[in-house]
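Novice: Let me give you the structure first, and then I'll get to my questions.
The values are calculated or read from the model by the stated rules, or taken from the named source; none is laboratory data. From a predicted model like this one, the values you see are computed outputs, not experimental measurements. Here Cβ is always computed from backbone atoms with ideal geometry, including for glycine, and neighbour counts include all displayed protein chains. These area figures cover heavy atoms from the full protein model, side chains too; ligands, DNA and RNA do not enter into them. Shrake-Rupley method; radii C 1.70, N 1.55, O 1.52, S 1.80 Å.
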Protein chains: 2
Amino acid sequence: MNILTATHFSTAQISQLESLPDVHVIRQNDFQPKLAPIIDVIMAWSPLAAKILAGPNRVKFIQTSSAGIDYLPLAALDQQKVLVAHAGGIHGDAIAQSVLGYILYFARYITHPQNRNPQNFWQGRIQRRVLYSVVNKRVLIYGTGHVGQAISQRLRQIGLQTIGVNHSGHPAPEFTETIALATSKVQPPVADFIVNALPLTNATQHFFAADFFAHQPQPPIFINVGRGPSVDTTALIAALKNGQLAGAALDVFEQEPLPADSPLWQAPNLLMTPHTTGTVDHVEDALFAIFYPNLQSFCQTGKLSVNQVDLKLGY
Amino acid sequence: MNILTATHFSTAQISQLESLPDVHVIRQNDFQPKLAPIIDVIMAWSPLAAKILAGPNRVKFIQTSSAGIDYLPLAALDQQKVLVAHAGGIHGDAIAQSVLGYILYFARYITHPQNRNPQNFWQGRIQRRVLYSVVNKRVLIYGTGHVGQAISQRLRQIGLQTIGVNHSGHPAPEFTETIALATSKVQPPVADFIVNALPLTNATQHFFAADFFAHQPQPPIFINVGRGPSVDTTALIAALKNGQLAGAALDVFEQEPLPADSPLWQAPNLLMTPHTTGTVDHVEDALFAIFYPNLQSFCQTGKLSVNQVDLKLGY
């Protein structure tokens, strides 16, 4: 069984994988086109993986290094009966720490544009009242899976109140209150911050659009650490300009890489990071802890043990 | 007894103060020069307060609105037997939230300069490894009073490890480990972040200078939320440039307001806020909760009940 990996596993990790019967690991740097038809397992999606899948191949298992898998050719993989596992769970706390950082950035007046201007720097003090405590601020978190739970846990640790939003409003760990997606749109709760951590599906495509922003009972700060296309960017910019949003932090974008001429660069009260929020310390170790048991199980039974994606549902 | 207040107490609060026997409150806006000799109590230091103290006066009690009182004419007040109370305790959590914000700003790559440049924005992703989890990062906190304790409490809530530094290394609430100021200079512990929350005294003037930065076992990120003159600014800039410091966040400065031509504006990896970190929501209520019992006690017994400053020690 031939494993193609784009993840930089250590020599020891490669040896452990190859201690499984018949397993042979090919690092992406060592790949040659003639190997394409004999790859059985792909670790981490890449343009090369897409190329292999598009040609004659015998790929039967793909392990991604991301929690979201919307960028995969899901229908084709389903038809080809490829098993897919996501890497959900490993990015949760990293994303949660970044969300807390974004919230404190706004609440504590950190690197306000005025703070970067020598001429106006001290005058910023007259705006001291823009600083506020985050204790008891209300945060609406869209998505109550691994990532949403990790965010809720972190925010509650320092005294914020969270409400989870999921498809049916079912209870979820780390949330004392949850509401249904549809309810949140017709009867939006008062929120100081709204965080999107939803997977990208047909139901969440452009969910955060003009009507959503227009119906907020007070202008919240909107944070997107889910997927870019869940947000209508044009509507977001308009909401920032007309005050329906008090601010926004985006780590993901409708178009990635974000073009240098995107109108987002001119939007007010907007903080942007280049899809880095989920960056995990020692990510290879975290991925190995998911991939190894999955590969072991796949070799023995042809099935996966954790994080299998339902290709029809898309998550 | 005539109280001059620069704090914007509400009408209800003024009434409550004036319900004390013989108390009459004069708002700073209503002050007239002829009242200077008959002011007994000053609530919040101001240029006007300095002027009153410099002339013939009968002031006997000053309540500040700040935790630090180094800006007061301490020797003159001591000689004139004026009682002074600080506002320590009310700013602690506000400062702690900002310190957490500064730490996450550096750890989570938030508004890295590259993130503000449309041309290089996405290339910042190659530096994803500069992001790290703050869990188990070590923070050396100078000052284990109200503010240091509040900072330690917040940081430990999200999994950072803290070490307190005070004059003798005595134990302090919210710290599991404390060391003496002198020890910290000759045997500096390994720290990812160093936070200054010390009062400004002769012992802390330029404590953070070239020798301090040069002897760190690894380059920490330095955060000053104490007083500007505790830091030798020239040495700090040099340490940022030569890599002895990995970064710095300053809320206070040797010279305030910070001049537009300060060399700090050209220093690398430096985040600055205009002495705003201690901003408290509803600060008048927080100050009233200290001033009212102190005034009550002063009226009844001539003594203060909380936060009295030792004018000889300077804190």
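Novice: Go through region A:229-244 residue by residue and tally those that are surrounded by fewer than 18 Cβ atoms within 10 Å (Cβ to Cβ) and β-branched (Val, Ile, Thr).
Specialist: 1
Novice: Residues being within 14 Å of the chain's Cα centre (by Cα) and either under 14 Å from A:Asn115 (Cα atoms) or among the β-branched types (Val, Ile, Thr) (or both): count how many of those fall in region B:220-252. I'd like the intermediate steps shown before the answer.
Specialist: Initial filter on region B:220-252 (within 14 Å of the chain's Cα centre (by Cα)): B:223-231, B:249-252.
Subset that is either under 14 Å from A:Asn115 (Cα atoms) or among the β-branched types (Val, Ile, Thr) (or both): B:223, B:225, B:231, B:249-252.
Result for region B:220-252: 7.
Novice: Further question on the same structure: Identify the single condition in (1) surrounded by fewer than 21 Cβ atoms within 10 Å (Cβ to Cβ); (2) modelled with pLDDT under 95; (3) aliphatic (A, V, I, L, M) that B:Met272 does not satisfy, given that it satisfies every other one.
Specialist: Unmet for B:Met272, out of (1) surrounded by fewer than 21 Cβ atoms within 10 Å (Cβ to Cβ); (2) modelled with pLDDT under 95; (3) aliphatic (A, V, I, L, M): (1).
Novice: Could you give me the residue pairs with C-beta distances under 6 Å whose first residue belongs to region A:130-159 and is within 25 Å of B:Asp281 (Cβ to Cβ) and within 14 Å of chain B (Cβ to nearest Cβ), whose second residue is assigned to a helix (DSSP H, G or I) and open to solvent by 30 Å² or more (accessible area, probe 1.4 Å) wherever it lies, and which are 6+ apart or on separate chains?
Specialist: Once the first residue is within 25 Å of B:Asp281 (Cβ to Cβ) and within 14 Å of chain B (Cβ to nearest Cβ) and sits in region A:130-159, its partners that are assigned to a helix (DSSP H, G or I) and open to solvent by 30 Å² or more (accessible area, probe 1.4 Å) give A:Gln157/B:Gln157; A:Ile158/B:Gln157.
Novice: Continuing with the same structure: For B:Thr111, only one of the following conditions fails: (1) of a type outside the set (Lys, Arg); (2) under 30 Å from A:Pro257 (Cα atoms); (3) not in a loop (DSSP other than H, G, I, E, B). What is its number?
Specialist: It is condition (3) that B:Thr111 fails.
Novice: Could you give every pair whose Cβ atoms fall below 6 Å, whose first residue belongs to region B:101-124 and is facing chain A (nearest Cβ under 7 Å), and whose second residue is part of a loop (DSSP other than H, G, I, E, B) and at pLDDT below 85, counting only separations of at least 6 or pairs across chains?
Specialist: Listed pairs, sorted by first residue: B:Thr111/A:Thr111.
Novice: So A:Pro263 fits all but one of (1) open to solvent by 50 Å² or more (accessible area, probe 1.4 Å); (2) assigned by TED's automatic domain parsing to the domain that holds A:Phe212; (3) in contact (Cβ under 8 Å) with a residue 40 or more places away in the chain; what number is the exception?
Specialist: Status for A:Pro263: all satisfied but (3).
Novice: For region B:213-228, what are the residues that are open to solvent by 20 Å² or more (accessible area, probe 1.4 Å) and closer than 25 Å to B:Asp93 by Cβ?
Specialist: Listed by number, the list holds a single entry, B:Arg227.
Novice: Quick one: is B:Leu20 in contact with a helix residue (DSSP H, G or I) (Cβ under 9 Å, 6 or more places away or on another chain), farther than 19 Å from B:Val306 by Cα and of a type in the set (A, V, I, L, M)? First the steps, then the outcome.
Specialist: Numbers: in contact with a helix residue (DSSP H, G or I) (Cβ under 9 Å, 6 or more places away or on another chain): yes; farther than 19 Å from B:Val306 by Cα: no; of a type in the set (A, V, I, L, M): yes.
Considered against the rule, which asks whether it is in contact with a helix residue (DSSP H, G or I) (Cβ under 9 Å, 6 or more places away or on another chain), farther than 19 Å from B:Val306 by Cα and of a type in the set (A, V, I, L, M), B:Leu20 comes out as no.
Novice: Out of all the residues in region A:88-98, is one or more in contact (Cβ under 8 Å) with a residue 60 or more places away in the chain, in the same structural domain as A:Pro268 (by TED's automatic domain parsing) and in contact with a Lys or Arg (Cβ under 7 Å, 6 or more places away or on another chain)?
Specialist: Yes, that holds for at least one residue.
Novice: Could you grab me the full set of residues in region A:250-276 that are in a strand (DSSP E or B), in contact with a Phe, Trp or Tyr (Cβ under 9 Å, 6 or more places away or on another chain) and more than 8 Å from chain B (Cβ to nearest Cβ)?
Specialist: Initial filter on region A:250-276 (in a strand (DSSP E or B)): A:250, A:270-272.
Filter once more, so that each one left must be in contact with a Phe, Trp or Tyr (Cβ under 9 Å, 6 or more places away or on another chain): A:250, A:271-272.
A:Leu250, the sole residue that qualifies.
Novice: Tell me which residues, restricted to region B:24-74, are without any contact (Cβ under 8 Å) to a residue 12 or more places away in the chain and hydrophobic (A, V, I, L, M, F, W, C).
Specialist: B:Ala54
Novice: Return only the number of the condition from (1) surrounded by 18 or more Cβ atoms within 10 Å (Cβ to Cβ); (2) under 23 Å from the mean Cα position of the chain (by Cα); (3) away from chain B (no Cβ under 14 Å) that A:Thr279 does not satisfy.
Specialist: Going through the list (1) surrounded by 18 or more Cβ atoms within 10 Å (Cβ to Cβ); (2) under 23 Å from the mean Cα position of the chain (by Cα); (3) away from chain B (no Cβ under 14 Å), A:Thr279 breaks only (3).
Novice: If you scan region B:78-100, which residues turn out to be open to solvent by 30 Å² or more (accessible area, probe 1.4 Å) and away from chain A (no Cβ under 14 Å)?
Specialist: Matches in region B:78-100: B:Asp78, B:Gln79, B:Gln80, B:Lys81, B:Leu83, B:His86, B:Gly89.
Novice: Which residues, taken from region B:22-51, are open to solvent by less than 30 Å² (accessible area, probe 1.4 Å) and farther than 22 Å from B:Lys303 by Cβ?
Specialist: Pass one, region B:22-51, residues open to solvent by less than 30 Å² (accessible area, probe 1.4 Å): B:23, B:25-26, B:36, B:39-44, B:46, B:49.
If the condition is that a residue be open to solvent by less than 30 Å² (accessible area, probe 1.4 Å) and farther than 22 Å from B:Lys303 by Cβ, then B:Ile26, B:Ala36, B:Ser46 are the ones that fit.
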